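This report concerns only the one structure given below.
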Amino acid sequence: MTVLSKVIAIDGPSASGKGTLALNLANELGWAVLDSGAIYRLIGLLADRLDLLDKEEELIARLRQFNFRFEGGRCYIDDENVTEKIRTEEVGKMASTIATFRELRKAVLELQRGFRRPPGLIADGRDMGTVVFPDADLKIFLEASADARAKRRYNELKNKGFDVTLPLLLDQILERDKRDTERSVAPLIPASDSILIDTSDLSIAGMTKRVLGLVAEKDLV
Ligand code: DC
């Protein structure tokens, strides 16, 4: 019988702190990370370039002609390094648009499950605990007010040199939340067995400590 490696699923809306928390936990535990949002962002960027943001079948067929690579926190489409390009809020919107495609989501399921490896995986996304890893050993659902998340995203993008404004980012985040939670396929909802953590007033260090406490309680390491 194959024993599957452990998984910690971290889901939540955009800018709730999932990515940073996932990286911190991975560093502390020496586990691998799956940034599933990056997969949807790569596909969204390609869909936009190919003018296929509203054509699911054609998009799935064309995707087979490209090679996606994820290496040490960098992402590539064939030989093009798109790590920074996929981080804009515009690409976030493209990702959230193609993420409503049912067959496309099925097509990327195995790619995501392929990140599972010993000693364990921290999986960050919207449907990690509900669809991709329903058997995850620990499921965390992060929440934070839209204002707190917009401020976080503003600081993050400003630091990367992007030209952004807070009111526009808040609108974009609310629009993306609506699309991600209201879609019929794998909507953003907490798994029934997930632990909810409100991160509005929590520092990254505080969040990490809290989850490491849960990891210890569950004897995961
Ligand atoms: O986490 P992120 O902001 O990088 O994700 C970008 C978009 O991708 C998000 O708005 C919805 C989609 N997504 C998804 O549908 N399912 C996931 N597991 C991860 C992301």
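Every number here is computed from the coordinates shown, using simple stated rules; none is lab data. A quick note: this is a predicted structure, and the numbers were derived from the prediction, not measured. Positions of Cβ are generated from backbone atoms using ideal geometry, with glycine treated the same way; all protein chains shown enter the neighbour counts.
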Applied in sequence order to the range 6-21, the curve 6.51 cos²θ - 1.76 cosθ + 1.60 (Karplus, θ = phi - 60°) yields integer Hz couplings, x standing for Gly and Pro, of 6, 9, 10, 9, 10, 10, x, x, 4, 6, 8, x, 4, x, 5, 4
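What trypsin sites (Lys or Arg not before Pro) in the range 139-221 are in a loop by DSSP, with at most 16 other Cβ atoms within 10 Å of the Cβ?
Details: sites: Lys139, Arg149, Lys151, Arg152, Arg153, Lys158, Lys160, Arg176, Lys178, Arg179, Arg183, Lys209, Arg210, Lys218; in loops: Lys160, Arg183, Lys218.
Sparse-neighbourhood loop trypsin sites (Lys or Arg not before Pro): Lys160, Lys218.
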Extension length gain for Asp54 and Ser200 (0.36 nm per residue less Cα distance), in nm, is 49.1 nm
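Nearest 0.05, what FRET efficiency do Asn155 and Leu109 give at R0 = 35 Å with Cβ-Cβ as r? Working shown, then result.
Details: r = 33 Å, r/R0 = 0.95.
Computed FRET efficiency for Asn155 and Leu109: 0.60.
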For the range 30-35, in residue order, the Karplus 3J(HN,Hα) values (coefficients 6.51, -1.76, 1.60; θ = phi - 60°; whole Hz; Gly and Pro = x) are x, 9, 7, 10, 10, 9
Projected convex hull area of the chain, Cα atoms, direction-averaged, in nm², equals 12.4
Long-range amide H partners of Leu34, meaning residues 5 or more apart or on another chain whose placed amide H is closer than 5 Å, are Ile122, Ala123, Asp124
For Ser145, other-chain or 5+-apart residues with amide H closer than 5 Å (H placed, Pro excluded) are Ser200
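State the Kirkwood hydrodynamic radius of the range 44-96 in Å, one decimal place, computed from all pairs of distinct Cα atoms. Intermediate values should be presented prior to the final figure.
Working: mean 1/r = 0.0858 Å⁻¹.
Across the range 44-96, the inverse of the average 1/r is 11.6 Å.
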Note: Asp171 to Arg64 extended length (0.36 nm per residue) minus current alpha-carbon separation gives 35.1 nm
For Lys209, counting only lysines whose alpha-carbon sits under 23 Å away and dropping same-chain residues fewer than eight positions off, the answer is Lys6, Lys18, Lys139, Lys151, Lys218
With the 8 Å Cα cutoff and a minimum separation of six or more residues, the chain has a relative contact order in percent of 34
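Sorting check: for 188-201, 113-126, which peptide has the highest mean count of neighbouring beta carbons within 10 Å, and how do the rest follow?
113-126, 188-201
Would you compute, from DSSP H runs of 4+ residues alone, the mean residue ellipticity of the chain at 222 nm, taking -39500 (n - 2.57) per run and dividing by the full residue count, rounded to the nearest 500? Don't skip to the answer; put the middle values down first.
On the way: 9 runs with 100 residues, N = 221.
Theoretical 222 nm ellipticity from helices: -13500 deg cm²/dmol.
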One checks the Cα atoms of the range 1-75 and finds Rg and Dmax, in Å, of 15.6, 45
Site Glu143, offset 7 angstrom along Cα→Cβ, radius 11 Å on amide nitrogen, limited to the range 150-184, gives none
